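The values are calculated or read from the model by the stated rules, or taken from the named source; none is laboratory data. Quick caveat: nothing in here was measured; it's all calculated off a predicted structure. FYI the Cβ positions are ideal-geometry reconstructions off the backbone, even for glycines, and counts take in every protein chain you see.
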Ligand SMILES: [Zn+2]
(Lines give C-alpha, C1' and ligand atoms only; values in the text may rest on other atoms or scores of the structure.)
Protein backbone atom coordinates (compact mmCIF):
# COMPACT_ATOMS: atom_id res chain seq x y z
CA UNK A 1 0.00 0.00 0.00
CA UNK A 2 1.03 3.55 -0.60
CA UNK A 3 1.18 5.82 2.44
CA UNK A 4 1.47 9.60 2.56
CA UNK A 5 2.43 11.53 5.66
CA UNK A 6 3.17 15.08 6.66
CA UNK A 7 4.06 17.23 9.63
CA UNK A 8 1.26 19.47 10.94
CA UNK A 9 1.94 22.54 8.81
CA UNK A 10 2.77 20.55 5.67
CA UNK A 11 6.29 21.88 5.20
CA UNK A 12 7.60 18.31 5.50
CA UNK A 13 5.95 15.44 3.63
CA UNK A 14 6.92 11.85 2.99
CA UNK A 15 5.64 8.81 1.16
CA UNK A 16 6.47 5.13 1.04
CA UNK A 17 5.02 1.78 0.13
CA UNK A 18 4.57 -0.93 2.74
CA UNK A 19 2.30 -3.81 3.66
CA UNK A 20 -0.92 -2.66 5.28
CA UNK A 21 -0.10 -1.08 8.65
CA UNK A 22 -2.00 -2.85 11.41
CA UNK A 23 0.10 -2.02 14.46
CA UNK A 24 2.76 0.34 15.70
CA UNK A 25 5.57 0.58 18.17
CA UNK A 26 6.14 2.61 21.29
CA UNK A 27 9.48 2.96 23.04
CA UNK A 28 10.44 3.92 26.56
CA UNK A 29 13.83 5.49 25.79
CA UNK A 30 14.51 9.02 27.00
CA UNK A 31 13.40 10.75 23.79
CA UNK A 32 10.55 8.45 22.70
CA UNK A 33 8.78 8.66 26.03
CA UNK A 34 8.81 12.43 25.71
CA UNK A 35 7.51 12.38 22.14
CA UNK A 36 4.83 9.84 22.95
CA UNK A 37 4.35 9.01 19.29
CA UNK A 38 3.24 5.70 17.84
CA UNK A 39 6.03 4.78 15.43
CA UNK A 40 6.13 2.32 12.58
CA UNK A 41 7.07 -1.16 13.70
CA UNK A 42 9.01 -1.54 10.44
CA UNK A 43 12.04 0.41 9.29
CA UNK A 44 12.44 1.83 5.79
CA UNK A 45 15.77 1.95 3.99
CA UNK A 46 16.46 5.43 2.59
CA UNK A 47 15.62 4.35 -0.96
CA UNK A 48 12.12 3.31 0.13
CA UNK A 49 11.02 6.65 1.55
CA UNK A 50 10.56 9.86 -0.41
CA UNK A 51 10.96 12.96 1.73
CA UNK A 52 10.01 16.42 0.54
CA UNK A 53 10.70 19.46 2.70
CA UNK A 54 10.48 23.20 2.19
CA UNK A 55 13.90 24.74 2.28
CA UNK A 56 15.17 24.91 5.85
CA UNK A 57 12.06 23.20 7.28
CA UNK A 58 13.62 19.93 8.31
CA UNK A 59 15.72 20.10 11.44
CA UNK A 60 17.61 17.29 13.15
CA UNK A 61 18.28 16.62 16.78
CA UNK A 62 20.91 14.16 17.95
CA UNK A 63 22.23 13.15 21.34
CA UNK A 64 24.46 10.53 22.90
CA UNK A 65 26.16 8.56 20.13
CA UNK A 66 24.66 10.90 17.47
CA UNK A 67 23.74 7.80 15.44
CA UNK A 68 20.01 8.32 15.84
CA UNK A 69 18.74 11.29 13.82
CA UNK A 70 15.58 12.75 15.28
CA UNK A 71 14.02 14.91 12.61
CA UNK A 72 11.40 17.56 13.22
CA UNK A 73 9.74 20.39 11.38
CA UNK A 74 11.26 23.73 12.26
CA UNK A 75 7.95 25.46 11.65
CA UNK A 76 5.39 23.33 13.53
CA UNK A 77 7.69 21.25 15.71
CA UNK A 78 6.20 17.92 14.73
CA UNK A 79 8.33 14.78 14.52
CA UNK A 80 7.55 13.03 11.20
CA UNK A 81 10.30 10.37 11.15
CA UNK A 82 13.71 9.50 12.55
CA UNK A 83 16.72 7.44 11.58
CA UNK A 84 17.24 4.63 14.02
CA UNK A 85 20.18 3.77 16.22
CA UNK A 86 19.90 0.06 15.61
CA UNK A 87 19.77 0.36 11.82
CA UNK A 88 21.73 3.53 11.04
CA UNK A 89 20.30 5.44 8.09
CA UNK A 90 17.02 3.54 8.14
CA UNK A 91 13.80 5.33 9.00
CA UNK A 92 10.91 4.80 11.33
CA UNK A 93 7.97 7.08 10.72
CA UNK A 94 5.44 8.69 13.05
CA UNK A 95 2.20 6.88 12.23
CA UNK A 96 0.28 9.86 13.58
CA UNK A 97 1.54 11.88 10.60
CA UNK A 98 -0.29 9.59 8.16
CA UNK A 99 -3.77 10.91 7.45
CA UNK A 100 -5.24 7.56 6.49
CA UNK A 101 -4.39 6.01 9.87
CA UNK A 102 -6.12 6.46 13.22
CA UNK A 103 -3.36 5.72 15.71
CA UNK A 104 -5.83 5.47 18.59
CA UNK A 105 -7.19 2.33 16.93
CA UNK A 106 -3.85 0.62 16.30
CA UNK A 107 -2.26 -1.71 18.85
CA UNK A 108 1.29 -0.81 19.80
CA UNK A 109 4.06 -3.10 20.93
CA UNK A 110 6.50 -1.67 23.42
CA UNK A 111 10.19 -1.62 22.66
CA UNK A 112 12.43 -1.43 25.71
CA UNK A 113 14.81 1.18 24.33
CA UNK A 114 15.58 2.45 27.83
CA UNK A 115 17.51 -0.74 28.59
CA UNK A 116 19.84 -0.51 25.59
ZN1 LIG B 1 5.61 21.47 9.89
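Of these, 71, 8, which one is in a loop (DSSP other than H, G, I, E, B) and surrounded by 12 or more Cβ atoms within 10 Å (Cβ to Cβ)? Testing whether each residue is in a loop (DSSP other than H, G, I, E, B) and surrounded by 12 or more Cβ atoms within 10 Å (Cβ to Cβ) leaves just 8.
Being surrounded by 15 or more Cβ atoms within 10 Å (Cβ to Cβ) and outside any loop (DSSP other than H, G, I, E, B) is the filter here; which residues of segment 20-37 pass it? Of everything in segment 20-37, those that are surrounded by 15 or more Cβ atoms within 10 Å (Cβ to Cβ) and outside any loop (DSSP other than H, G, I, E, B) turn out to be 24, 25, 26, 27, 32, 35. Entry remark, segment 64-103: residues being away from the ligand (no atom under 16 Å from the Cβ), in contact with a helix residue (DSSP H, G or I) (Cβ under 9 Å, 6 or more places away or on another chain) and closer than 13 Å to residue 6 by Cβ number 2 in total. With respect to the conditions (1) within 16 Å of the ligand (Cβ to nearest atom); (2) surrounded by fewer than 16 Cβ atoms within 10 Å (Cβ to Cβ), residue 14 falls short on a single one, namely (2).
Scanning segment 52-68 for residues that are more than 23 Å from residue 116 (Cα to Cα) and surrounded by fewer than 17 Cβ atoms within 10 Å (Cβ to Cβ) yields 52, 54, 55, 56, 59. Against the list (1) modelled with pLDDT of 95 or more; (2) away from the ligand (no atom under 16 Å from the Cβ), the condition residue 114 fails is (1). When restricted to residues that are within 16 Å of the ligand (Cβ to nearest atom) and assigned to a strand (DSSP E or B), segment 47-63 contains 7. For segment 18-41, the tally of residues that are within 16 Å of residue 90 (Cα to Cα) and either in contact with a helix residue (DSSP H, G or I) (Cβ under 7 Å, 6 or more places away or on another chain) or in contact (Cβ under 8 Å) with a residue 40 or more places away in the chain (or both) stands at 4.
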